[in-house]
1. What is the residue count in the stretch B:1-14 for residues that are touching a residue at least 60 places away in the same chain (Cβ under 8 Å) and not charged (D, E, K, R)?
2. Might you check whether a residue that is facing chain A (nearest Cβ under 10 Å), touching a strand residue (DSSP E or B) at 6+ places or on another chain (Cβ under 9 Å) and farther than 16 Å from B:Ser8 by Cβ occurs anywhere in the stretch B:49-62?
3. Determine whether A:Asn61 is without any contact (Cβ under 8 Å) to a residue 12 or more places away in the chain, surrounded by 15 or more Cβ atoms within 10 Å (Cβ to Cβ) and out of contact with any strand residue (DSSP E or B) (no Cβ under 8 Å at 6 or more places or on another chain).
4. Those residues that are part of a loop (DSSP other than H, G, I, E, B) and of a type outside the set (A, V, I, L, M), I need them from the stretch B:1-35; list them, please.
5. Can you pull out every residue in the stretch B:52-76 that is closer than 16 Å to B:Ala22 by Cβ and either touching a Leu at 6+ places or on another chain (Cβ under 8 Å) or surrounded by 14 or more Cβ atoms within 10 Å (Cβ to Cβ) (or both)?
6. In this structure, does A:Val28 turn out to be among the hydrophobic types (A, V, I, L, M, F, W, C) and modelled with pLDDT under 95?
7. Out of all the residues in the stretch C:30-49, is one or more outside any loop (DSSP other than H, G, I, E, B) and within 18 Å of A:Asp27 (Cα to Cα)?
8. Scan the stretch C:68-91 residue by residue and report those that are surrounded by 14 or more Cβ atoms within 10 Å (Cβ to Cβ), outside any helix (DSSP H, G or I) and free of Cβ contacts under 8 Å to residues at least 40 places away in the same chain.
Amino acid sequence: MDSLKKRIMYVNRRAPYGTVYALEALDVVLAGAVFEQEVSVVFLDDGVYQLRRGQNPAVLNMKDFSKTFGALPDFDVMYLYVDEESLVQRGMTARDLIEVPREDDTDAVTLISSTDLSSLMDQQDVVLQF
Amino acid sequence: MLHTVNKSSSEKSTLVSCLRLAADDADILLIEDAVYAAMTGTQTESIIQSALARYQIYVLEPDLECRGLDKSRLISGVKAVGYDGFVELSVKNSAVHSWL
Amino acid sequence: MTLELDGKMYPTDPEGFLVDPEEWSEDLARKMAEDDRCELGPDHWQAIYILREYYAQYAIAPPIRILIRHMGKKLGREKANSPYLYELFPHGPAKQACRYAGLPKPTGCI
């Protein structure tokens, strides 16, 4: 069975709210979860802003979809990789990010180095960028 | 003239072009995804720092709050304004140039 | 489309889901159930409140598979299976229960 599983990586490179990419990507990840593939989600470049703590889009009458990342482990998405380099470029650290607890209370939000991200990307069957 | 910029400076060159071309007495207002540029510690911070010598730079507060950005971490010299401030800037300036 | 209750109109989508989850009340849920000729008992309310809590936390309506998993954590296995939920909500558990709970329609599921 496992050999039929594909490794799918979703790469988020856009900030939330200003454009619809971030929200659309999340919809695709949620819808794709029914196929029970091996899924990881990566936050790269401005995509790291999507995981920023303390968002309050209600002031602009928009939905706070940063809450939805918290549901991803239940959808069997166990890794939300954050490109460390992109964080540094934006003056952010892990403390600026939301936490996404898995069932065992570990955090699905995982900082990753360029080297590790590069090899992880290379191992995928499918990479989709938003 | 009031220039508004709505694109992230780490993704598009909009802010750089705006600051290259805006006249010396212009007001610059950062809105939507451009508000990230007003924060300290980003790679594009120096762009805003040097522009502050020439322009008054504003940032729209509801767009900061939406994105979880704390006013205490704004680059010093950048002023946060609400929608009322946006309106005042539009009235004060004879024209508005919306960079897209 | 709209749903009328006590002279007030509540906007809904074509399938009867509330446009604004904030407008929800128990009376609205009762009204929707009544229109379906369904009576809400304690087990229905339990499911409805679990769904509202889920939405408040995650800002989405869960698909059935996720709902079952989530209810398993909250209520134990006897109340976390699809026959149990189908008995409560014969029109399709996730869809009917989400509608009564004032949530948007869950994506791609029953």
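1. 7
2. yes
3. no
4. B:Asn6, B:Lys7, B:Ser8, B:Ser9, B:Ser10, B:Glu11, B:Lys12, B:Ser13, B:Asp24, B:Asp25
5. Result: B:Leu52, B:Arg54, B:Tyr55, B:Gln56, B:Ile57, B:Tyr58, B:Val59.
6. The answer is yes for A:Val28.
7. No.
8. Across the stretch C:68-91, the qualifying residue is only C:Ala80.
The values are calculated or read from the model by the stated rules, or taken from the named source; none is laboratory data. This is a predicted model, so every value here is computed, not measured. Note: ideal-geometry Cβ built from the backbone for every residue, glycine included; neighbour counts use all protein chains shown.
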